[in-house]
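Student: Let me begin by handing over the structure; questions about it come next.
The values are calculated or read from the model by the stated rules, or taken from the named source; none is laboratory data. Predicted model only: the values in this text are computed from it and were never measured. Here the Cβ positions follow ideal geometry from the backbone for every residue, glycine too, while neighbour counts run over all protein chains shown. Surface accessibility is based on the protein's heavy atoms, side chains included, excluding ligands, DNA and RNA. Shrake-Rupley method; radii C 1.70, N 1.55, O 1.52, S 1.80 Å.
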Amino acid sequence: MDDREGSFVAVRRISQGLERGTVYNPSSAEAVPSAAWLGRGLSCVCAQRRDSDANSTFDLTPAQEECLQSLQSRIDVAYDSTIPLHQEALRELWKLAFPEEELHGLISEQWKEMGWQGKDPSTDFRGGGFISLENLLYFARNFQKSFQDLLRKQVGDRSVWEYPFAVAGINLTFMLIQMLDLEAENEYAFDLLYCIAFKLMDQQWLSMRASYMEFNTVMKSTRRQLERELMLEDIMHLEDLPSYALLTQQPL
């Protein structure tokens, strides 16, 4: 697929979380530089796609193994609009995004204001699962200003055709799942990395003066930048990543 072709479409969920499709579609032959990066909050292995790497293994502590299994369990949970917990999570996301505006229903034209494709957000979760909603909630709860800046497109010289916020968030969740083998000692490490990736993606969007049709190009650029940062030798914690500063910096 040409980088400029793609559109934001809901994607199907396939069993075994990491085998799902998404609008973000890097080449299957795209190589990821081989590296192992360990931090207090997140351990990840970016393995190059070579036959010789097929049997590579990495030892995990019991705590890492437990958290990895917990994360895998989160990844495998599909969003289900009939589950009250999922319904409440979606309502909470609305309250955090638009505290001054009452939501009229879980199926409403209002959802388009947040960047969902239609009036029913549940149709957009098929690719990212419930964890993609959890990621958005974590971002909204913990980095409210950055979340609002991205939601309302308040920073930078924006194009006429902007990326839809919510669907971009789902694509970022899937990108990180696809990009990393995650071994976490901090159960929120993945969520924090998601927030960093979202701010980084928006920065890339602005620097490339991108519009809607360049979204895949921006996603690939975001992935490459994250890979470079994760391989820096002096990175011991997620907070050490250069892009972490984007979450707390004040706009010029």
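Student: For the structure I just gave you, tell me whether Asn135 is open to solvent by less than 30 Å² (accessible area, probe 1.4 Å), farther than 21 Å from Tyr244 by Cβ, in contact (Cβ under 8 Å) with a residue 40 or more places away in the chain and within 14 Å of the chain's Cα centre (by Cα). First the steps, then the outcome.
Tutor: Values: open to solvent by less than 30 Å² (accessible area, probe 1.4 Å): yes; farther than 21 Å from Tyr244 by Cβ: no; in contact (Cβ under 8 Å) with a residue 40 or more places away in the chain: yes; within 14 Å of the chain's Cα centre (by Cα): yes.
The answer is no for Asn135.
Student: Yes or no: Ser146 crowded, with 16+ Cβ neighbours inside 10 Å and closer than 18 Å to Tyr194 by Cα? Give the derivation first.
Tutor: Working: crowded, with 16+ Cβ neighbours inside 10 Å: yes; closer than 18 Å to Tyr194 by Cα: yes.
Taking the combined requirement at face value, the residue satisfies it.
Student: On to the next question. Do any residues in region 223-238 that are part of a helix (DSSP H, G or I) have Cβ atoms under 8 Å from those of residues that are surrounded by fewer than 14 Cβ atoms within 10 Å (Cβ to Cβ) and at pLDDT below 85, where the two are at least six apart or on different chains, and which pairs are they?
Tutor: If the second residue must be surrounded by fewer than 14 Cβ atoms within 10 Å (Cβ to Cβ) and at pLDDT below 85, the pairs left are Glu227/Pro33.
Student: Of all the residues that make up region 151-176, how many are farther than 16 Å from Met114 by Cα, among the hydroxyl-bearing types (Ser, Thr, Tyr) and not in a helix (DSSP H, G or I)? Break it down stepwise before answering.
Tutor: Quick first cut of region 151-176, residues farther than 16 Å from Met114 by Cα only: 155-160, 173-176.
With the extra rule that they be among the hydroxyl-bearing types (Ser, Thr, Tyr), the set shrinks to 159, 173.
Then drop every residue that is not not in a helix (DSSP H, G or I), which leaves 159.
Count: 1.
Student: Residue by residue through region 201-213, note down the ones that are farther than 16 Å from Gln178 by Cβ, open to solvent by less than 30 Å² (accessible area, probe 1.4 Å) and assigned to a helix (DSSP H, G or I).
Tutor: Passing the criteria: Asp202, Gln204, Trp205.
Student: While we're looking at this one, here's another question. So, of the residues in region 89-121 that are over 21 Å from the mean Cα position of the chain (by Cα) and among the charged types (D, E, K, R), which turns out to be least open to solvent (accessible area, probe 1.4 Å)?
Tutor: Result: Glu101.
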